[in-house]
Structures are given as C-alpha cells and as structure tokens.
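Novice: The structure follows.
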Amino acid sequence: MKLNSDIMKRIEKFCAGYYKKNNVAHDLEHMYMTEKLAAYIARKEGYDIDICRAGSFFHDIMNGLRHSGHEKHALPLARRFLRKLKVDEDIIESICDCILCHSTFHIHRAKTKEAWAVHDADLLQLIGPYGYVKALSLRLVEKKMKMVDAVSSSEKKQNFCAPRMKTRIGRRIAKDNHKFMKEYYKRYKQFRSLKFK
C-alpha cells in the first residue's frame, strides 16, 4: 500500500507519543518543525514529499530513550509499525533510509535524496536564531552550563552544522542563517569585552 492521508495520520499519531517523552530539543515541536522543513525542501527539490514527512515523524522517536545510536534503534520499531499498516516494502525502506541517515554520522550512507531532505531539515534547526534559542535553552536548563560556555558551545555547533547541508535549498537557508549568526556572535563577544564601535 502507498502512503495516503489516513496512513500519514496514523504515523503522525504513533510517533507523537514518543516525542512527548523526549527532551526539549527533541519534543513534538521538533517533530513538526522537521516535517515542515523536510516537506518544503522536498517540494523545492522535487523529492517524494510523503516519504520525507513520514521519515521526519519517525526520525527521533527513540531519542528520549537512547540518545546515542537512537536512529538505529528506531528502525525495527518503524518497520514493524509500517508493515502493520501494510505499507509497500520499497516505501518502508525509503522511510528507514530517512530515519537512519538523518544523523550527520550516517548521511554518507543515504540511498535516497529524501534522506538528504530529512537530514537537512533536522540540522537546519541548529542554525540561525531558532537553533540558537533551542541550543542555548538545552545547555542552560538541562545541561546546567554557565552562560558563556553555553553560548560558546552553541557557536561551535552552528559552525559545525552550517557547511554540512546536502540539498540546494538546505545550503541556501543555512548560509543565510549562519551569516546572521556570525554577526550576532561577533557583537556578543564585543559586548562581553566592552569593545563597542
């Protein structure tokens, strides 16, 4: 069976239950933001939108239970659920490719361009003002870091993520957001050292 609106709703509902247990960086808002960004990239790049949406819903379902290697632990759960819905095996494998390869550590193994879209949608949330607020809150609230360390860590993460986009649209959005944030970090450092223009 192909993906249709009923199956997509059931996938969304199933996955939402897992995101409710995740931390602030991988909660329901993250699931929906990844889905929106991946669908946007897919539309612009000509990829399969439904596979990107389904891959986005599933990509972090095990993050709350197993942060390290969570993408591998999500695969059997996703396969089992999708087979229960009688989704075609080739579609299941494409969705699983999105799940496994959303991580920068596995994106080189991607077999589909849809995996590129989910990877970029996930990573884009770490770049720019949105990514900054998300990263900073996680570091300050959950990791109990000092402000200066949290900002520095966030800057390093943005610098790491920005050049790793796989899609044309992802690169464009990342470049624009990263440029904005470079100016922000520059002003932040000037303020801390009292070097005003």
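Novice: Read through the list (1) out of contact with any Leu (no Cβ under 8 Å at 6 or more places or on another chain); (2) part of a helix (DSSP H, G or I); (3) surrounded by 13 or more Cβ atoms within 10 Å (Cβ to Cβ), then give the number of the only condition that P76 fails.
Specialist: Of everything listed in (1) out of contact with any Leu (no Cβ under 8 Å at 6 or more places or on another chain); (2) part of a helix (DSSP H, G or I); (3) surrounded by 13 or more Cβ atoms within 10 Å (Cβ to Cβ), P76 misses just condition (3).
Novice: Going residue by residue through the range 2-19, is there one that turns out to be surrounded by 24 or more Cβ atoms within 10 Å (Cβ to Cβ), at pLDDT 95 or above and of a type in the set (S, T, N, Q)?
Specialist: Checking the range 2-19: not a single residue is surrounded by 24 or more Cβ atoms within 10 Å (Cβ to Cβ), at pLDDT 95 or above and of a type in the set (S, T, N, Q).
Novice: If K111 satisfies all but one of (1) closer than 19 Å to E45 by Cβ; (2) surrounded by 14 or more Cβ atoms within 10 Å (Cβ to Cβ), what's the number of the condition it fails?
Specialist: It is condition (2) that K111 fails.
Novice: Turning to a different aspect of this structure: So, in the range 160-179, of the ones that are in a helix (DSSP H, G or I) and among the hydrophobic types (A, V, I, L, M, F, W, C), which residue ends up surrounded by the most Cβ atoms within 10 Å (Cβ to Cβ)?
Specialist: Residue satisfying both the conditions and the ranking: A174.
Novice: Okay, moving on. Can you tell me which residues in the range 47-63 are over 15 Å from N23 (Cβ atoms), crowded, with 24+ Cβ neighbours inside 10 Å and among the charged types (D, E, K, R)?
Specialist: R53
Novice: Quick check: anything in the range 12-27 farther than 28 Å from E142 by Cβ and not basic (K, R)?
Specialist: no
The values are calculated or read from the model by the stated rules, or taken from the named source; none is laboratory data. Computed from a predicted model, the values in this text were never measured in an experiment. All Cβ positions, glycine included, derive from the backbone under ideal geometry; neighbour counts span all protein chains shown.
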